[in-house]
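The values are calculated or read from the model by the stated rules, or taken from the named source; none is laboratory data. The shown structure was predicted, so the numbers you read here are calculated from the model rather than taken from an experiment. Here Cβ is always computed from backbone atoms with ideal geometry, including for glycine, and neighbour counts include all displayed protein chains. Heavy atoms of the whole protein, side chains included, go into the accessibility calculation; ligands, DNA and RNA do not. Shrake-Rupley method; radii C 1.70, N 1.55, O 1.52, S 1.80 Å.
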Amino acid sequence: MDKIGQVPDRYLSDEQRLMRQTCRRYVDEVVRPFIAANREREWLFDPDQRLPAELLDEADRTGLRGLGVPEQYGGVGLDPATEAQTFSIIATEIARGDSGLADKLVQNWKISVLLRSLASRALQDIWFPRYMADPQFLMAHCLTEPRGASDRWLPYNVPEANMDTTAVHADGHWIIDGRKQFISNGYDASLYVVYANTDRSAGMLQGTSSFLVPRNSPGLEVTRCNETIGGRFMNNGEIVFEDCRVPEDHLLAHGDALGQAGVYFRPGKIIQAAKNLGVGVRAFELAADYTQNYVQGGRILIKHQAVALRLADMATRIEAVRALLARASRAVDDNAPDADTLCNMAKVFASEEILKVAQHALELHGGNGVMLDFGVEKIFRDAAIFLHMDATVDISRFKIVKSMFPHTAGKYAGPEN
Ligand SMILES: Cc1cc2nc3c(=O)[nH]c(=O)nc-3n(C[C@H](O)[C@H](O)[C@H](O)COP(=O)(O)OP(=O)(O)OC[C@H]3O[C@@H](n4cnc5c(N)ncnc54)[C@H](O)[C@@H]3O)c2cc1C
């Protein structure tokens, strides 16, 4: 039987098969042994010490950092007709190794896709070579603020829901003021994409602009690394901008930045769901192994019927996630009209199903399941994080139904029309 949760080799192109093989070697020979030998390392409260540089160095040697980067800068030239599908296959594989490490890497892919589409040639000439030259170079995408996240996803397109972060044009620069929170790679990124309001009188779809902000920009300060319950090898951070000056040519999108960000969010949600699937695949591997080796009542666990049924439930949920993810990735690659809807479906469905899969894994391990030194609880913690990333469960569902019934869904509390 094919591996649960993974696209069988026969459906992959030669390019995809080779990439997955290389990635699988990296996961099985580098990532998994590191995680198994360093259970406490994710709990170091010095974020700089958590993930050894060698893991990103090795990812670089494996070619995993060049996804999304144009070939002329040394990136991995994926077939555009199947790019989202390839992202999905590789992200699943990395997250099977470690969810936080996958977060770190995929954020770079997602932002590379955004930059190749929105950044000027001059900016690409500066930043892609710097990124490719340094295996520790990370990028971050800053939307969320202390008083605004979910409403930006909907979005409520009225001035009162606008971003608090502002950018004002003066003397050949943009001056950014505000604060961003919960940002993936926010603590240790070298380059930030920042969204800010540039027109208070307009709704956020017309009044939000995006900027490329190098870490050493005057007025940019990283104020903390958040201590998350899962995905701990990705350093989630908070950033304050105070009279932060960026040259005017660092503007990526003027006014319509949220609409333009579709190029980031569509493959982004695919990658999000794919990482989530990888966590489920790992949960199944652990549970299948444990139940076929651990003896209770004189028999290995899987011989007990209730245990066997739980494995069936895990496998079914994982395969359902994989099927929806395949459908959504294909829609993104085909630029299909329902791609956005399917992306939200895949992301929200994966988050709930894989959390249930992780719960089964936790329960099948009994007491061992909750012991830090055993390592299974990590899967459960990693799975929980996905409920909140790239929009909450409720907001994702609302976006799904709004895309299907734009004139009526959720309108009950508004004026009758
Ligand atoms: C690990 C992690 C990584 C992240 N990475 C990034 C990143 O790289 N960049 C970035 O910009 N953000 C990032 N985020 C932020 C993430 O997108 C937000 O946490 C998420 O969108 C929810 O926003 P919030 O936390 O402010 O919750 P809130 O918006 O305060 O929501 C709280 C609750 O209220 C509900 N709610 C709020 N408003 C409404 C509404 N109008 N209608 C119905 N229900 C509503 C929500 O569904 C939720 O249940 C990350 C978050 C996490 C946990």
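HN-Hα J couplings of segment 322-330 from phi, Karplus 6.51/-1.76/1.60, θ = phi - 60°, integer Hz, Gly and Pro as x?
Values per residue, Gly and Pro as x: 4, 5, 5, 4, 4, 5, 5, 5, 4 Hz.
Taking amide H positions as placed in the peptide plane 1.01 Å from N, state which residues far from Leu252 in sequence (5 or more) or on other chains have amide H under 5 Å from it.
Those lying under 5 Å, H to H, from Leu252 are Ser210, Phe211, Leu212.
Remind me, relative contact order of segment 354-417 in percent, using alpha carbon pairs under 8 angstrom and six or more residues apart?
Details: 32 pairs, mean separation 12.8, N = 64.
So the answer I get is 20 percent.
Could you give me the ³J(HN,Hα) list for segment 54-66, computed from phi with Karplus coefficients 6.51, -1.76, 1.60 and θ = phi - 60°, whole Hz, x at Gly and Pro?
Rounded to whole hertz, the list is 4, 5, 6, 4, 5, 4, 5, 4, 6, x, 7, 8, x.
Would you work out the relative contact order for the chain, in percent, from Cα pairs under 8 angstrom that are 6 or more residues apart?
Details: 750 pairs, mean separation 71.7, N = 417.
Contact order relative to length: 17 percent.
Using a simple spin-label model with points 7 Å from Cα along the Cα→Cβ vector, what separation in nm is obtained for Arg215 and Leu309?
Distance between label points: 5.2 nm.
Would you mind checking which residues have amide H under 5 Å from His141's amide H? H placed 1.01 Å from N; only 5 or more apart, or other chain.
When sequence neighbours closer than 5 places are left aside, the close amide H contacts are Ser184, Val193.
Please go through the residue pairs Lys110/Lys411; Lys347/Lys411; Lys269/Lys303; Lys303/Lys356 and name each one whose alpha carbons sit more than 27 Å apart in this structure.
Details: Lys110/Lys411 33 Å; Lys347/Lys411 24 Å; Lys269/Lys303 38 Å; Lys303/Lys356 22 Å.
Checking Cα-Cα distances, Lys110/Lys411; Lys269/Lys303 exceed 27 Å.
Calculate how steeply helix 121-133 sits against the longest principal axis of the alpha-carbon atoms of the chain, using the helix alpha-carbon long axis, and give the answer as 0 to 90 degrees to the nearest 10.
30 degrees
Peptides 133-143, 355-365, 113-123: what's the order by average Cβ count within 10 Å, highest mean first?
Going by the mean number of other Cβ atoms within 10 Å, highest first, we get 355-365, 133-143, 113-123.
Per residue and in Å³, how big is the convex hull formed by the alpha-carbon atoms of the chain?
About 143 Å³ per residue, rounded to a whole number.
Rounded to the nearest 500, what is the chain's calculated 222 nm mean residue ellipticity when only DSSP H runs of at least 4 contribute -39500 (n - 2.57) each, over all residues? Intermediate results must be reported in sequence, preceding the final value.
Numbers: 15 runs with 201 residues, N = 417.
After summing the helix terms and dividing by the residues of the chain, the value is -15500 deg cm²/dmol.
Apply the a/c threshold of 1.5 to the C-alpha gyration tensor of segment 44-129 and tell me whether it is rounded, prolate or oblate.
Oblate, since a/c reaches 1.5 and b/c is not below a/b.
Across segment 157-164, in residue order, what do the Karplus-derived ³J(HN,Hα) couplings come to in whole Hz, using 6.51 cos²θ - 1.76 cosθ + 1.60 with θ = phi - 60° and x for Gly and Pro?
My calculation for segment 157-164 gives 8, 10, x, 5, 9, 4, 5, 7 Hz in order.
Name the chymotrypsin sites (Phe, Trp or Tyr not before Pro) in segment 4-47 that are in a loop by DSSP and that have at most 13 other C-beta atoms within 10 Å, would you? Provide the component values of the computation, followed by the final result.
Details: sites: Tyr11, Tyr26, Phe34, Trp43, Phe45; in loops: Phe45.
Of the chymotrypsin sites (Phe, Trp or Tyr not before Pro), the ones in loops of segment 4-47 whose Cβ has at most 13 other Cβ atoms within 10 Å are Phe45.
Before I look further, what does the chain give for accessible area per residue, probe 1.4 Å, in whole square angstrom? Write out the running numbers ahead of the final one.
Numbers: 17850 Å² over 417 residues.
Here the residues of the chain average 43 Å² of exposed surface.
Would you mind classifying segment 1-95 by shape? Square roots of the alpha carbon gyration tensor eigenvalues, ordered a ≥ b ≥ c; an a/c under 1.5 is rounded, otherwise it is prolate if a/b is larger than b/c and oblate if not.
On the way: a/c = 2.58, a/b = 1.46, b/c = 1.77.
The shape class here is oblate.
Can you pull the percent of the chain's accessible area that's carbon plus sulfur, 1.4 Å probe, other chains left in place?
Working: 9470 of 17850 Å².
Carbon-and-sulfur percentage of accessible area, whole number: 53.
Could you sort 384-392, 212-220, 185-193 so that the peptide with the highest average Cβ count within 10 Å comes first and the rest follow in order? Write down the numbers at each step before the final one.
Details: 384-392: 20.0, 212-220: 16.6, 185-193: 23.0.
Packing proxy ranking, top to bottom: 185-193, 384-392, 212-220.
Which of rounded, prolate, oblate describes segment 350-409, given a ≥ b ≥ c as roots of the alpha-carbon gyration tensor eigenvalues and a/c under 1.5 marking rounded, otherwise prolate only if a/b is larger than b/c? Working shown, then result.
Values: a/c = 6.08, a/b = 3.35, b/c = 1.82.
Note, shape of segment 350-409 comes out prolate.
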